[in-house]
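Please read the structure below before turning to the comments.
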Amino acid sequence: MSDTYWLVLLGRTTPSNLLDRVGLGMKMLATDWAKSAPQDSAADLFRPVGLISVRPAATGWCQVRDQELRLRRVASEAWLKAESLRQVGAWAEDEDAAFWLDPGILPVLSPAAPRTLAPPADSPESSVLGSLGPKLSEEVLVKLQQDGFVIVDNALPDTLCAMLRGEMDELLEKGQMWQSQSYSQDEGAAHHDIFETSLDFRQVRDTAPTFDRMETDQGLLQALRRIPALSELSMQHVRLQINLGNGGCYTMHTDSGVLAEDSTQVLLATALFYLNDGWEEDHGGELRLYPFPLPPKRIAPRNGRVVLFHPRMVHEVLPNFRKRYCFTLWCAGAPVNSPTEDVDSMTTFAAAAAACEAGAALPNAAASAVPLPLRCLFLPELRPLLVRYVFRDCELQSAVRSHVGPEREQMLEGIHWYHQQMRDNNPDWFRSMLELLPAAAADAAEEIPVGPKQLAWLMAQHCHWWETPGVKGRTSSAAAETMFDQHAYNGDILCFGASSLLPFTGGAMMRTVVSLIGEHVQDLMSPQAVAEATSLVLQQISEEAVTDGSCHSYACSDGWVPKANHGDVPGSSDTECCQRTCKLFTCGSGFVANVAYANNVGASSQQCCDKTCAGMQCPVGQHVAPKMLNVAGTTPEDCCAETCESVVCEPNYAKIAARKEEVHPPGQSQSFCCEATCGLHTCDAARSLAQDPKSLQLTEPSDAKCCKSTCGAFSCPAGAKVPASKERKVGSSPAECCDTLCGGYSCGKGYQADPLKAARFGNTDEVCCRRTCAIYQCNVGWAPKKNVENFVDVGDEICCQKKCVQYQEKCTGDFAPNPDANETIGDTADVCCSGTCALHSCGSGVLIPEPQVTVGAIDELCCEDALCADYRGKSLVDGCNALDKEKCAASKVELLNTRTNKTDVLACAWGDLDICQVGRPKTARLEGPSFGHLGPRQAQPASCV
Ligand SMILES: O=C(O)CCC(=O)C(=O)O
Ligand SMILES: [Fe+2]
């Protein structure tokens, strides 16, 4: 295919001879276009007056030199309708004075041409998202603009990703996130395992300072503003999200809408940032985009990856099995005043297209040139509707697996109803064509003749997700308006003008399309052209039908649809010409019919039915719920319910073994899974029965199963008896029931049986026996007595004899205490005390004065000279000693009697020892004066004291 294209110039003057210079085919084409061009009036006829060959420049735009235009103008004078030229392109203001043609007006099979982008701005300093700007290259932005989405890897450095994960973890931990809901907070169903938050929730800004900075960060906005349609981007809204796994996922949805209830700030771009280190396939959680008419696209949530897309693009998150981090920047323009009309809930494509065009805020008014309902293919606002129809099964499955809670059923009913409405309210041919587009778009786009592939390709190329605002003189989309501008439209070989019908007839499906839209074509073409076109098509169709005996004229029966190449297949029966639809199929076991597939071609359970829960492998402790056995379901959440296995029975109830694997009815886990045990049974006490502790876990309680005889009914052997405490106890043996009586007990050594205790319970010496002296321990002051070993009533008096230590205090009078005898056995003064001199009889001399004071029993201690009494108490007794014999007799000595304090005068006399002595001289030795001491003195030499 050549890169050179022809611009047809229409004018009101005679055709220029310039046209002669081009080939005949091209001239005919131009003439055809001119015929179908709308005429201001009959007199004011537009004709093709010139052709300019154009070649797209590197930017994708086509440049037509001013010089060349001028040349044509000179040559053909008034041939150019300036306004229409302005409408298809823009006059550049630069000195080149070149005219730039929007690629939208080029023949539709031309390669896609990107728009020019604004030049890149300097990356903002200290931007958190600073690393992102350089990644959003021209190529990336162009791709985004065309496909409606783009994936950018390594957009954020690993260190930043780790830090952001940390802040998100902290938010979750501190209760700063809410459970995600689909649709709206009030009426939506909960998304299980997903938590979200935004900067204005609680203390999120303080806890997550890096995210806080992101709100005003220019890194992303500045790059996106290079796309003309996004040049007004002014702010971004930060949304954080953690998915805990367990299959948590987001249902299919779009992000389009307004940011806050009181504002009409419209979202213009969504940026999803992923922070999942080490993502692997079995972690799940991929994003699935529906860039219709392109087929759905799965995108792994890899660390540092950013996915940019149009908020109107339907998307979902597939079941996720690991903690998954994601944050979103929703980019919006300045607030606008007129609210967007809600076309999202409409079910008739044609009506929705009409509503779009009526809504002042919607840009694609020019699409009205295309027959309804085909117009909605070219109105990006309606893409979500088309996606919801084509991927209706996906939408239902997505809603099932992503929600929990009682609202889910209601929601599913709503979605199902919506799909049915779409089916009922739109023509079959259009719906089947819609369904062909994604597969067709996935194929290479080169092939001709024209069919759904090209239509899909046409949509993808020329109906861009974002429209270019602000092109001179225009209020709506450049691409769409150009595409459907009447001039361009009528010159477009694919847009159903008379000459464009033929290529479609190559395929039977498209022939159907053409014949069905025939009536609409009338709106666009002169009656004559329509008549020609229609007869041409019909002629060709009938020729084919007649000449080749093909299925073309065969109408399929109910439940059958034409084969893809219907017109080319020979035959005249359902089996030859048609394919069975699921409407005729009866689902096999393990499958259940789904009305949504009724019109699908198919004749197998896989094609026509949903799997029921019957084959589901439920997790441990769960089983397929009986009510789900014949119901569609693909996840354990849909299909499984708790079995008795995981139920904990209340006390005195036991699990019913046979029901372990069974699912219990909701709210009846106890009554269904558990049965009473003997723990609940009351035994018949009147029959001396009591609960058998071993039976507590037994089920089906009865006296026979749960009770045993009590000891009250048992007779113990001699010497034992049932104690009162065991009377109600279960038992029937001496060991269980009987306690020994003392009468049956043999006392140990040192003990004697106590007859008084014979009837008492006991089996110890202490309880049953009396102690004998044999084991009696005498107290201090007592010593064991002999021959009393068998005495009972033990005590010191009986078993022991006194020691002298007890007697000491009685050693008085003529006796004195004798500690030496303390340990001696005895209880008399003779044995225990010391005798004093009072008890002594002197052999010579006389007893000393106060003899009880002195312990002793010999003369030396107890006796003194009889004269001692005279001398006692006298002093200076030696006053005679120095005198000689003569003086002696004449001398006297005065003695002081200290007791009486009287002085005695005593004569000296010559004594036997030839010394002068006082009085009657004696041999007794007189010690110095020492009188008056008290207390016993023992072993003192006898002296006069
Ligand atoms: O988690 C994702 O990948 C997408 C989340 C999303 O679509 C949303 O929050 O609107
Ligand atoms: Fe979303």
Test: residue in the stretch 231-242 that is farther than 16 Å from L144 by Cα, touching a Cys at 6+ places or on another chain (Cβ under 7 Å) and modelled with pLDDT of 90 or more: yes
Filter result for the condition that a residue is surrounded by fewer than 22 Cβ atoms within 10 Å (Cβ to Cβ), more than 26 Å from the chain's Cα centre (by Cα), modelled with pLDDT of 80 or more and not in a strand (DSSP E or B), over T340, T347: T347
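Being touching a helix residue (DSSP H, G or I) at 6+ places or on another chain (Cβ under 9 Å), over 30 Å from P851 (Cα atoms) and of a type outside the set (A, V, I, L, M, F, W, C) narrows it down to one of N790, N818, N822, so name that one. Lay out the reasoning, then the answer.
Numbers: N818 fails: over 30 Å from P851 (Cα atoms); N822 fails: over 30 Å from P851 (Cα atoms).
Testing whether each residue is touching a helix residue (DSSP H, G or I) at 6+ places or on another chain (Cβ under 9 Å), over 30 Å from P851 (Cα atoms) and of a type outside the set (A, V, I, L, M, F, W, C) leaves just N790.
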Hits in the stretch 307-323 (condition: away from ligand 2 (no atom under 14 Å from the Cβ) and surrounded by 22 or more Cβ atoms within 10 Å (Cβ to Cβ)): N320
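Report, by residue number, each residue of the stretch 835-871 that is more than 26 Å from A816 (Cα to Cα) and either among the aromatic types (F, W, Y) or at pLDDT 80 or above (or both).
Matches in the stretch 835-871: Y871 only.
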2 or more residues in contact with a Pro (Cβ under 8 Å, 6 or more places away or on another chain) and within 16 Å of ligand 2 (Cβ to nearest atom): qualifying strands (runs of 3 or more DSSP E) within the stretch 144-257: 248-253
Condition check for K874: buried (at least 17 other Cβ atoms within 10 Å of the Cβ) and modelled with pLDDT under 80: yes
Residue match in the stretch 249-262 (condition: more than 12 Å from ligand 1 (Cβ to nearest atom), acidic (D, E) and within 25 Å of F391 (Cβ to Cβ)): no
Complete set of residues in the stretch 583-596 that are in contact with a Phe, Trp or Tyr (Cβ under 9 Å, 6 or more places away or on another chain) and assigned to a helix (DSSP H, G or I): K583, L584
Only listed residue being crowded, with 22+ Cβ neighbours inside 10 Å, of a type in the set (A, V, I, L, M, F, W, C), within 16 Å of ligand 1 (Cβ to nearest atom) and at pLDDT 90 or above, chosen from F195, F211: F211
Tabulated pairs, the stretch 640-668, first closer than 24 Å to T682 by Cα, second part of a loop (DSSP other than H, G, I, E, B) and of a type outside the set (F, W, Y), C-beta under 6 angstrom, 6+ apart or interchain: A654/Q697; K655/C649
Scope the stretch 684-718; condition at negative phi, part of a loop (DSSP other than H, G, I, E, B) and out of contact with any Lys or Arg (no Cβ under 6 Å at 6 or more places or on another chain); matching residues: D684, L696, Q697, P701, S702, F714, S715, C716, P717, A718
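Pick from E316, E281: which is over 19 Å from L144 (Cβ atoms), near ligand 1 (Cβ under 10 Å from one of its atoms) and modelled with pLDDT of 85 or more?
On the way: E281 fails: near ligand 1 (Cβ under 10 Å from one of its atoms).
Of the residues listed, the single one that is over 19 Å from L144 (Cβ atoms), near ligand 1 (Cβ under 10 Å from one of its atoms) and modelled with pLDDT of 85 or more is E316.
The values are calculated or read from the model by the stated rules, or taken from the named source; none is laboratory data. Since this is a predicted model, take the numbers as computed values, not measurements. Cβ sites come from the backbone with ideal geometry, for glycine too, and all protein chains shown count toward neighbours.
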